[in-house]
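Below: one structure, written as structure tokens.
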Amino acid sequence: MEHPASASSTVSSSASSPAASRRLVLLSPDDATFAARFPVLIEAALAAGLRPTVVTRVVDHRAAIEALGARVVPFALGVSRLNPMAAGYEAGQLAGILRALETDLIHCLGLRAIVVGGSAAAMAGLGARIYQPDDLAALGARTDAAGRLSRLALRGVVRGALATRSTRFLCETAADAAALGLDPAETGLALVGPDGLGAAARTLYEDLARA
């Protein structure tokens with residue numbers, strides 16, 4: 001598997017070529033998850049005129065993702081959701097990749113991706129961010145003190161230090177939004193509607209690409 005640091009060096013040469021459109025990074029825990037659940041995001045990005053790159057742990061699905069029209073850059077995103085030391089190290093590695101790709105917009109899929117990707121975006125000076133917390137069920141289900149403290153800490157980080165004026169939240173359910181303390185009336189929040197995830201993502205991509 002390619003080490004994150006070497007992944008940064010492999011993308012620098014192509015990133016310097018003239019860009020036909022703005023560059024989107026889709027940060028996913030692993031290629032199997034992305035291939036199974038998020039191909040519509042590549043379609044949405046291409047329809048919005050963006051050049052998508054999937055940054056993820058690569059195992060068996062790289063060719064399938066590339067066949068959809070996206071580039072794939074290997075990156076070993078960890079599994080410990082809120083470990084500050086591990087997340088900080090990963091964020092530093094990812095920031096180098098974002099700079100090398102000359103990223104204009106990052107879309108982070110899942111809590112770990114949000115924490116690491118949001119921190120990396122801050123390091124790289126990238127303000128346009130989409131956070132999609134699609135793995136909140138277990139966190140939201142906990143009603144004990146530890147669960148409440150975890151939700152408060154997560155809300156503080158995601159909506160505070162990791163948020164910018166160009167940050168948008170994309171939630172598949174109102175329950176996911178509520179777990180982060182988001183009001184459905186907030187302009188920075190988009191809920192997946194009857195047209196599906198791809199349509200909601202495309203609207204956000206087009207909005208942020210014009211910003």
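Values in this text are rule-based calculations from the coordinates and carry no lab data. Quick caveat: nothing in here was measured; it's all calculated off a predicted structure. Backbone-built Cβ (ideal geometry, glycine too); neighbour counts: all protein chains shown.
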So if I take the centroid of the Cα atoms in region 42-59 and the same for region 167-205, what is the distance between those two points in Å?
19
Say a paramagnetic label sat at a point 7 Å from the Cα of GLU206, along Cα to Cβ; which residues of region 45-77 have their backbone N under 16 Å from it?
45-51
